[in-house]
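Before any comments, here is the structure.
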Amino acid sequence: IGIDLGTTNSAVGYVDLGAPAGEHGLPPVRFFNIPQLVAPGEVAPRPILPSFLYLPGPYDLPAGATALPWNADQPDVIGEFAREQGVRVPGRLVASAKSWLSHAGVDRTAAILPWGAPDGVAQISPVDASTAYLAHIRAASNAQMAGDRVEEMFERQLVILTVPASFDEVARELTVTAATRAGIPHAVLLEEPLAAFYAWLARHEADWDTLLEDGQIVLVCDIGGGTTDFTIVGVATEGGRLKLNRWAVGDHLLLGGDNMDLALGRQVETRLMGQPGKLEPDRWVQLVYQCRKAKETLLGATGQEAVDITVMGSGGGLIAGTRKTQLTSTDVEELLLDGFFPAVAHDAQPSTERRSGLTELGLPYAQDPAITRHLAAFWRRFGELLSQETGRATPFQDYILFNGGALTPEQLRRRLRTIVGQWFQAEAGPNWQLPELSNPRPELAVAIGAAYYGLVRMGMGVRIGSGSPRAYYIGIQQEAPDEETIAAVCLVPRGVQEGFDVRLNAPIFDALANQPVTFQVYTSTTRTSDQLGDVVSLQPDEVSVLPPIRTVLRFGRKGVATRIPVQLAVRLTETGTLEIYCDSRKSEHRWPLQFDVRSEQEVAEEEAGEEGVSAAQVAAAQAIILATFDGQVTSDNPPEQVRKRLEAALDMSKETWPATVIRQLGDTLLATRDTRAATFHHETFWLNLLGFCLRPGFGDPADELRMKQVWGLYLNGLRFPQKVQSRTEWWIFWRRVGAGLATGKQLQIYEQTLPSLQSGSERKSSKSNRFHLGTAEEVEVWMMLANLERLPGQAKVELGRRLLRRRDGQLASKELWALSR
C-alpha cells in the first residue's frame, strides 16, 4: 500500500499480490477510492482525500452529520466536506498540517491548530492532524476491503508512506509517530520525488533501459500544494547493466500551490478593497478558496477565459457590502509566470528579502516565491558532483519529470522547460528543448510509485539506488581555526543504505553525566568524501542545522555529575529515520539521543540573555550562594542580601535571569541543603530562592533528578517549623515546584495537608493533623494544593467543596485563584 500524505490532498495506491500479472509480469497498481464525508451525513468514495480536518462546534452541524459507516460516533470531519465546511467557518479548519509538521519554529507536538483559532475551539497538534488522516485511511480500507478477514487488515500489509525528500529528521520521526498512533506501526518512509519516478518506472518497466542511456541525468521537479522538492536521478552502467541512482536532493522549500492561491487572493483583494489586508479572516479564507477554484478552472483544459469572484459583505452590510470582480486566465498566467516562474539566468540566486505576504497563516514560507531561482541555485550546488558522476564538464538535464498538483497546467510545465533549456543551449545546442518524461496523473503518481516501491522491496520491479542523500555530523568541543568553522565528527557518510548500523570505535569521547547536556547535529548534501568517524571542519554554508538533542545521561545511583568515556552509535532504520545512541565504555548503559521538537522560539526564549552571562559571572553567583548558606552566621554574607548580591554578580535583575542560569543556581542551592539553615532567616531565604530557580519543577532535562532531591526536603521537613515566616515560605516553595512531582508524591502532600484545612472542631478530633496552620499561611496552602495538577479528579472536587464552604463562599482573591485552578 502506498500513501501520499499530502499537504493539500492525500491519495492511496495498492497492489493486490494475489491478482493476475499485468503486461510487465507484475500485478498492477490500483487506486483506493477513499470513502469520506462529502456533505452532512453523506459518504462517497473519492480518488483523493483532501487533507483537511474540521472541528465542529456544538451547533455547527445536525446530529449524525459526521457519522461514518465504520464509526457512527466520529466527532470530526475529514476530507472533502471538511474543506467545504471550513470555508464557511475557517476558525475551525485544520489545514496544511504537513507544512506545520516541518515547521521548526513551533512545537510540532503542541495543540496549535487551527492556527489562531478563536476562543472555545479545542486545538490539536500537527502530529494529531496527520494521525487523523492516516487513521481515516486505515479505517476506511479495513471497512471496505478487509471486512472480517484479519489477514487483509490495513495494518498487516506492507505500507509505504511518502515524505518530501527535504524533510529533516524531526519531521520524519514525527511522521512515523503519527503513523504508529494511527495503528500503522511498521510504515516505511519513501521520498516523494523518488515515488514519482517509481510511478514512471511502473509504466516503463519493460523499456526504461532503452529510453535512458549511460551518463544521463533526470531532474524530478515536484511542486505540490505546500512544498517544492528537487531531486536528481542519474543513469550509470554497473556490472554491464544500466542502473538508476538518486544523486542529489534539494533543501526544504515551503513553497507550492498554496502560495499561488494566496498571491492570487492578495491581488483580487487589492482590486476589490483598494489595498491588501482589509478583509476579515473569514472573508479572506473564502476569497482564497474561490481563487484556488478559479485557478484550476482557468488553467485547465476547459478553455474558459474568466471566472466571477464574489466576496460577501459582513454583519449588517451582508448585501450592501458585497463586492464582485472577475479573474481572467491572463491574470492568473501573468501572476504565476512572472511571480513564481520568472525567466532568470542560470546563475540567479534566491532573494533573502523578507516578504510579509509569504508568512501567511503562521507558516514560514520561502522568502523568494520564484521557483526558477531556487532551481538555478539547486543545480549550481551540485554541478561538481554531477561532473564527477557523469564525466561531463557542464552537466545538464537530459530529461525532466514533473510531479505535483501545482504542475498539472501544461502552461507552467512548458515555462519551466523553456527557461531551463535557455540555460544550457551552449552545451546542448541552440534548438535544444528539454524533454519531459510523461506523468499523466501528477496528483496520484506519488501513491502509485509508493505502492510499486513495495514490490521493489519484495524483490520485484526496478530499484533506484537511494542511499542517504545527506551526511550527518555531531558537533564536538575542539579548537577551530575561526569562529565560523564548526568542529564535528562524521556519523553517517553520504550514500549509506538503510539498515546502516555502526558503533564508532574512534574517536573516543568523554560525556558529561547526570547534568543537562546538548548535542548539535548537522547535515550536508554536498560533502561526499567524509567517512565514518572523520573529524572534520564544517563551514556554515555547506551544512544544515538540525534541532538540538537535549538530555541528561543518567549514570549511577547517586546522580553525581561526572565524566564517563563513551562511544557513539548510529542507525539508519529500515523505516527511514535516524537513531543516535551514546554507549558507555565502562558499563552496559546505552542512552538514546532524541531531537528536541520544541519550537525555535521556545528554545530562543530559554536561552535569551545567555550570551550576556559569562561563565565567570555564573561562577561568581554560585560562590555567593555557597558562602551564604555554608552553615555559618557571619556579617559578611547575610541571607537578606543574597538576591541583591546575585543580581549584581550577574548584572541583571532576578526576573531576567535565563532559564539555564537559574537551573545552575538551583543546583548550587541544592548542594547546600544540609547547611542551609544556620538561622531561620537563612532557611526562609534559601527556600524562596530555590523555589524561584526550580519553578515550575519541570521543563529542563535534569528536572526529574532535581525533583528527587527536592522530595527529600519534604520528608525531612523544616528546620524551624515553629516560625510562621519559615512555614509560609515552605508552602510558597511547594507551590512553585509541586507541578514537577509525580502523582503519588502530590497525593501524599494532599493527604497529609488536608486535615489542616478542617474546621476547628475537626482539627481537634483529627490524629493525622501534621501541620497547624496560621490564618495567613492557610491561603498559601490552598494555592500550593491548587498547583498539584496530577491529583485525581475526586481530590480536586473535595478541595473545591471545602474552599466554597469557607466563609460561605465569600472568598478572597487568592482563594478565588485557587478555586479556578
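Since every read-out is calculated from the coordinates, none of them should be taken as a lab result. Since we're looking at a predicted model, the values are computed, not measured. Neighbour counts are summed over all protein chains in view; Cβ atoms, including those assigned to glycine, are modelled from backbone coordinates with ideal geometry.
Numbers below:
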quantity	calculated
Fewest-first ranking of Asp222, Asp541, Asp338, using other Cβ atoms within 10 Å as the exposure measure	Asp541, Asp338, Asp222
Calculated diffusion of the range 603-820, Stokes-Einstein form, Kirkwood radius summed over Cα pairs, 10 °C and 1.306 mPa s, µm²/s	86 µm²/s
Linear extension gain, Ala776 paired with Arg381, 0.36 nm per residue minus alpha-carbon span	135.3 nm
Packing-based ranking, highest mean first, of 582-593, 691-702, 615-626 given that Cβ atoms within 10 Å are counted	691-702, 615-626, 582-593
Coordinate range along principal axes, alpha carbons of the chain, Å, largest first	95, 69, 60
Estimated 222 nm signal from helices in the chain, with DSSP H stretches of n ≥ 4 weighted -39500 (n - 2.57), rounded to 500	-11000 deg cm²/dmol
Hull volume in cubic angstrom per residue (convex hull over the Cα atoms of the range 218-267)	60 Å³
Label-point gap, in nm, between Gln722 and Arg241 - each point 7 angstrom along Cα→Cβ	9.2 nm
Relative contact order [Cα under 8 Å, 6+ residues apart], the range 1-86, whole percent	26 percent
√(5λ) per eigenvalue of the Cα gyration tensor, the range 475-554, largest first, Å	21, 18, 13
The range 442-516 versus the range 47-77: alpha-carbon centroid distance in Å	40 Å
Placed amide H near Leu189: partners under 5 Å, 5+ positions off or other chain	Leu161, Gly576
Segment Arg441-Val535, length gained on full extension (0.36 nm per residue, minus Cα span)	29.2 nm
Likely footprinting exposure, Ser166, Ser524, Ser635, fewest C-beta neighbours within 10 Å first	Ser635, Ser524, Ser166
Rounded to whole Å, sorted largest first: equivalent-ellipsoid semi-axes of the range 67-116, Cα gyration tensor	24, 14, 9
Value of relative contact order over the range 603-820, rounded to a whole percent, pairs C-alpha under 8 Å and six or more apart	16 percent
Potential lengthening between Glu42 and Thr109 on full extension [0.36 nm per residue; Cα-Cα distance subtracted]	20.9 nm
The chain: relative contact order as a whole-number percent, Cα under 8 Å and 6+ apart	9 percent
Where Rh is the Kirkwood radius over Cα pairs, Rg/Rh for the range 2-190	0.98
